[in-house]
Amino acid sequence: MQGTADSKLPGLGTTIFTEMSSLAVEHGALNLAQGFPDLPPPPGLVTAAEQALRAGVHQYAPMAGRAGLRQWICHHHARRHGASYDVDNECTIGAGASSLIFAAIQALVHRGQEVVVQTPAYDLYAPAVQLAGGALKEVHLFNESGQWDLQALCQACGPQTRMVILNTPHNPTGTICPPGFLDGLAAQLEGTETLVLSDEVYGPIVHDGRPETSVAAHPALTARSLVFGSFGKLLQITGWKIGWAVGPAPLMAEVRKVHQYDVFSTGAPLQAALEQFLPTAEAEDHLNGLADLYGRKRDRLLQGIRDTAWRFTPAEGGFFQVLDASALIDNNDGKWARTWTRTHGLATIPLDAFFTPPRPMIRLCIAKEDATIDAAIECLRHIAVDHAR
Ligand code: PMP
Ligand code: GLN
């Protein structure tokens, strides 16, 4: 992507997701790169969308989102996390979680203020902070023992910190916020004005019976926090781009000041379909089954490559599994992920797109049909054989 000499985002190109998806199309490769499911959405949701279109829901939705859908979102946070958000003033629906995360950063970060982010991090946060004129302060997500590093995060926070960005389940690493971590952060932030932006778009997708962790469930943090979710992830409808933010009214009022001009309102018939579908038993069953569904997908993939040179730590949650290619290749610059798209028909995301990983690693999206996962396993096995040494 080319820009002007006076670009506000110099050095920023097309996202790795766009690049790898294009490469996959160009070479007819399986696309386990960009994080989207190839599983269909629940049938009742598709029917509800058809009905909404036929019922004539074609004009703007309200700026904050349809009231019935906001009601469901607030109820969802109350049931799952014991949180109490006001439907009118503490919940906003946007064009995916992305639009609201972006709006929140623009609305709340002043020029020169620090925003602390754990790295590797989802690629949206840094340019959003940069456009707001904020100063990004990166800390390593992991300590030397490979655990989420609470100490590093706390040490990075000080009177100058406007915002801390959290993401659990984590993209790209597939880890989740460990028990006690939020208590530690809450203690660190006590008495400060620091805000927390908690990106929980993969929220309920946690593997092996782990509990779902949410800032919304942490009373010592909720008053300073905005929490973000995405129907794209929960219902296999990433292309609908409908997400939400919940948080205290004064913060939400600021987010809406940006949201009302950059998006204003989104996908009226799709919101109507969600509003109709989500209270059904089919929806309840689907949401309750998400953790198991994706846990089985992860297991299927790992089982298929367990006797190869690929190394891995099983993902703890989310859409992604990371594989370590250090027994196959030396090079750590992401070149191989691009090469394998061409030579072995499998597109993945090289982790070096997010940070400098200690070893060559790739990220695979596991939100796929079993047949897609099996085909990916075949490709991975061929890659392992061809790089045997
Ligand atoms: N946060 C994270 C961590 C993501 O992985 C994604 C994209 N998949 C988003 C936010 C954006 O979600 P949405 O598609 O709802 O905008
Ligand atoms: N969140 C998706 C991922 O991590 C990508 C979304 C996008 O392409 N912007 O793969």
Practice problem: Could you tell me whether region 39-59 includes any residue that is within 16 Å of ligand 2 (Cβ to nearest atom) and either surrounded by fewer than 20 Cβ atoms within 10 Å (Cβ to Cβ) or touching a residue at least 60 places away in the same chain (Cβ under 8 Å) (or both)? | Solution: yes
Exercise. Please indicate, with yes or no, whether at least one residue in region 291-305 is buried (at least 24 other Cβ atoms within 10 Å of the Cβ), in a strand (DSSP E or B) and at pLDDT 95 or above.
Key: no
Exercise. Using the structure shown, decide if Lys368 is within 16 Å of ligand 2 (Cβ to nearest atom) and either open to solvent by 50 Å² or more (accessible area, probe 1.4 Å) or assigned to a loop (DSSP other than H, G, I, E, B) (or both).
Key: yes
Quiz item: Taking region 224-243 as the region of interest, how many residues are in contact with a strand residue (DSSP E or B) (Cβ under 6 Å, 6 or more places away or on another chain) and either open to solvent by less than 10 Å² (accessible area, probe 1.4 Å) or within 13 Å of ligand 2 (Cβ to nearest atom) (or both)?
Solution: 7
Quiz item: Name the residues in region 91-132 that are in a strand (DSSP E or B) and surrounded by fewer than 19 Cβ atoms within 10 Å (Cβ to Cβ), would you?
Solution: Thr119
Exercise. Please work out if Arg363 is closer than 21 Å to Asp123 by Cα, touching a strand residue (DSSP E or B) at 6+ places or on another chain (Cβ under 7 Å), open to solvent by 10 Å² or more (accessible area, probe 1.4 Å) and not aromatic (Phe, Trp, Tyr).
Key: no
Quiz item: Could you say whether any residue in region 133-149 is touching a His at 6+ places or on another chain (Cβ under 8 Å), in a loop (DSSP other than H, G, I, E, B) and farther than 21 Å from Pro357 by Cβ?
Solution: yes
Quiz item: How about region 188-248: which strands (runs of 3 or more DSSP E) wholly inside it have at least 1 residues that are within 14 Å of ligand 1 (Cβ to nearest atom), among the aliphatic types (A, V, I, L, M) and in contact with a Ser or Thr (Cβ under 6 Å, 6 or more places away or on another chain)?
Solution: 225-230, 243-246
Practice problem: Quick one: in region 312-359, of everything that is aromatic (Phe, Trp, Tyr), open to solvent by less than 40 Å² (accessible area, probe 1.4 Å) and not in a loop (DSSP other than H, G, I, E, B), which residue is farthest from Ser21 (Cα to Cα)? | Solution: Phe320
Practice problem: Might you check whether a residue that is more than 16 Å from ligand 2 (Cβ to nearest atom), free of Cβ contacts under 8 Å to residues at least 40 places away in the same chain and in contact with a strand residue (DSSP E or B) (Cβ under 8 Å, 6 or more places away or on another chain) occurs anywhere in region 252-263? | Solution: no
Practice problem: Out of Pro120, Pro127, report the one residue that is touching a Pro at 6+ places or on another chain (Cβ under 9 Å) and farther than 26 Å from Ala268 by Cβ. | Solution: Pro120
Exercise. State which residue is nearest to ligand 2 (Cβ to nearest atom) when the search covers only region 163-204 and only residues that are of a type in the set (S, T, N, Q) and closer than 21 Å to Ser230 by Cα.
Key: Asn171
Quiz item: Restricting attention to region 9-24, which residues are away from ligand 2 (no atom under 13 Å from the Cβ), farther than 16 Å from Trp336 by Cα and surrounded by 11 or more Cβ atoms within 10 Å (Cβ to Cβ)?
Solution: Leu9, Leu12, Gly13
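The values are calculated or read from the model by the stated rules, or taken from the named source; none is laboratory data. Nothing here was measured: the structure is a model prediction, and the numbers come from that model. We place every Cβ from the backbone using ideal geometry, glycine too, and count neighbours over all the protein chains shown. Ligands, DNA and RNA are excluded from the accessible area calculation, which covers all protein heavy atoms including side chains. Shrake-Rupley method; radii C 1.70, N 1.55, O 1.52, S 1.80 Å.
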